[in-house]
Structure formats: structure tokens, C-alpha cells
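Before any comments, here is the structure.
The values are calculated or read from the model by the stated rules, or taken from the named source; none is laboratory data. Predicted model, so just to flag it, every value in this text is computed and none were measured. Virtual Cβ from ideal backbone geometry, glycine too; neighbours counted across all protein chains shown. Only protein heavy atoms, including side chains, enter the accessible area calculation; ligands, DNA and RNA are left aside. Shrake-Rupley method; radii C 1.70, N 1.55, O 1.52, S 1.80 Å.
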Amino acid sequence: MKRMIAILCVSSLIFVPSSPGEQGKKPGVDMRVPFTPLWQGDAPDAKGKEPADIPGVWVYPAKKPNGAAVVVCPGGGYGVLALDHEGVQIADWLNSHGITAVVVKYRLGPKYNHPTPLNDAQRAVRYVRFKADPKRVGVLGFSAGGHLASTVGTHFVLGAPGGNITIDSISTRPDFLVLMYPVITLTGPAAHVGSRNNLLGKNPDAKLVDSLCNHTQVTKDTPPTFLVHTTADTGVPPENSVLFYLALTKHKVPAEMHIYEKGRHGLGLALNAGDRDLPYASWPDRCVAWMKGRGFLDAAN
């Protein structure tokens, strides 16, 4: 354990990315940083060798790192990835507060169903912990990426004690969650059917569906969580965040939720001219205050 701490507890987050490989001039892909596959060779359950079959991360180191890292899961209904406003822009915002951002490219439906996206996101958490400070790793997700983040936070695998430290032996439990207009339930009037179909297929087993209604999976060990939604969200109704928040408070898990009256689904940081004046645009400052208040942004020793 002492050896692990010596390796991982560093004042800045150190990553050794591979060559960009599959990258091209695609919308939302930031060419400032290289793409790093999460596995050497074929990823588990790979169904081909095309870019869509290769999960990985884009790592954005902070210029003045405080030792914290956040794994970012962009949304897109488990069918596409909103890599610009829910990935690149978020990485720049996190960097401005000393946080290293790790944007995940997870595999998508309908080609890849559960548990493949979860395996990819868990691998990203392990990757960060293997390279960085293991005590301050958060997961931030938007919309369907919020469902993935909440799945990571409620279906985690604890690390194996002692022995040789390998990436596969490291805990996947995040230290905190930030859920932005998240998909939480896959049943009932508040469910996002498109996300469910892409994640589970058209006729999934009812028990599997229930197990991924993540408000039902909250326990006392679920990480502290910050939630944001809007009442006007017709894409993913705010009841999703409310369900998760109530489950957190029931189990006495630290939680903070902000539901703004106005704002459509998928606003990200609300950087568009017509969105900047919305009260919703205050969420990044509130989120940073929450992270600071819980000690996640303390300067590294």
C-alpha cells in the first residue's frame, strides 16, 4: 500500500498518451491533445477495429494542477458523443480551476450495449487512478453521460487489497459525482427511451432495466453528488435528478442539487449568446464552490 501511495500521490497528474491514431478533423475532437486508447490492442468485447470500436480518453492537464482529476462523460443518448460543448469546453473550464480533465470516448449503441459503456468508463477511472492522485477523482456526466456517470457511482468495483498493483485491481468508485441534466430512470414517464434503447436494445430484460434505474441503486457508499437540471428540460425531465437526490438524502449521502426554471436540454456551460444570461449559467461557479467545500480542490501536498 505504501508503494502505491508513493507512486500515485503526486502534485500534478502525469499521463503518457499515445499517438492520436484514429483522430481526424472531426467536430468536437480537440486536436490540441492526443487520443489514448484505454486498452493496448483490442478492447474487451470489441466488434471490429474501426474508430467506433476503440474506447479511449483525451487528457487535458491543468497548467497549475491541484492534484484533482475529473473523468468527463459527454452525453448523446448513448448513440453519439457531444464532444464539443460537453467535452472540450468542460475540459477548459476544469483546467481553469486546476483540475485535470479526462474526456472519455466510450463505445455506443446500438452496436455496443450494456455493460460495454460502463466497462469503458470504469477503465477510465482506473486509468486516472493508476497515473494520478487516487483520493480525488470525480466523474462528471451530461444527459446519457450523466446516466453513465451515475452508473459508475452506483455499480462500482472496489479495489483488491494488497499484492501487486495493476490497473485492473484499482477501485472504480469515484470520490465524487457531478451529474448534469442526467438520465437516471429508464422506466416511467420520466425515462429517456432513446438512451434506454441504445444502451439495452429494443426489448431488454425487465430486471436489467430496473438495475440501471440508478436511483434504486444508491447506498450509503454512493459518492457525494452535485446535480443540475432545469424545469424546462423536455428532453430529460428534471424528475430524473430529483429521484437521485432523494435517494442520496435517504441514505445520508452528501448531495447538492440546483434546478433552474429556464433552459433547454443540453446547455453545457451555456456559452451561446442567448444562454449566457440564464440563471442556469451560474452552475459552474456553484459546482466549484461545492467541490472546494468538500475538500476536493485542496492543493496537493
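A few points about this structure:
- Under the criterion of Cα pairs below 8 Å and six or more residues apart, the relative contact order for the chain equals 16 percent.
- Normalising the average separation of contacting C-alpha pairs (under 8 angstrom, six or more residues apart) by the number of residues puts the relative contact order of the range 166-301 at 23 percent.
- Between amide H atoms placed 1.01 Å from N, distances below 5 Å from Thr225 occur with Leu177, Ala255, Glu256, all of them 5 or more places distant or on a separate chain.
- DSSP-assigned coil residues among trypsin sites (Lys or Arg not before Pro) in the range 241-276, each with at most 16 further Cβ atoms within 10 Å: Lys252, Lys262, Arg264, Arg276
- Computed over the chain, the P(r) curve from all C-alpha pair distances, binned at 10 Å from the origin, holds 6, 30, 38, 22, 4, 0 percent per bin.
- Calculated from backbone phi, Karplus (6.51, -1.76, 1.60) coupling profile of the range 98-104 in Hz, x at Gly/Pro: x, 9, 6, 9, 10, 8, 9
- Calculated translational diffusion coefficient of the range 48-203 (10 °C, 1.306 mPa s; Stokes-Einstein with Kirkwood radius over alpha-carbon pairs) equals 102 µm²/s.
- A cut-off of 5 Å between modelled amide H atoms, ignoring neighbours fewer than 5 places along the same chain, links Val57 with Thr36, Leu38, Lys105.
- Heavy-atom accessible surface of the chain: percent carbon and sulfur, 1.4 Å: 55
- Counting DSSP beta bridges with both ends in the chain, the antiparallel % (nearest 5): 25
- Sequence-distant residues sharing a close amide H with Ala62 (under 5 Å, placed H): Thr100, Ala101
- Take every pair of alpha-carbon atoms less than 8 Å apart whose residues are at least six positions apart; their mean separation over the length of the range 221-301 yields a relative contact order of 30 percent.
- Over 22 Å (Cα to Cα) - which of Lys105/Lys207; Lys47/Lys207; Lys135/Lys250; Lys64/Lys292; Lys250/Lys292; Lys105/Lys131 fall in this group: Lys105/Lys207; Lys47/Lys207; Lys135/Lys250; Lys250/Lys292
- Residue among Asp205, Asp92, Asp221 with the largest mean-square fluctuation in a Gaussian network model of the chain, springs linking Cα atoms under 10 Å: Asp205
- Of Thr231, Thr100, Thr116, the one that fluctuates the most in a GNM where the chain has Cα springs shorter than 10 Å: Thr231
- Among Ala121, Ala281, Ala101, residue whose mean-square fluctuation peaks in a GNM of the chain (springs only between Cα atoms under 10 Å): Ala281
- Heavy atoms of the protein chains alone define the surface here; on that basis the range 183-301 has 50 Å² accessible area per residue at 1.4 Å probe size.
- An oblate overall shape is assigned to the range 179-301, the ratio a/c of its alpha-carbon gyration tensor axes (a ≥ b ≥ c) being 1.5 or greater and a/b not exceeding b/c.
- Taking chymotrypsin sites (Phe, Trp or Tyr not before Pro) across the range 88-184, none is in a DSSP loop with at most 14 further Cβ atoms lying within 10 angstrom of its Cβ.
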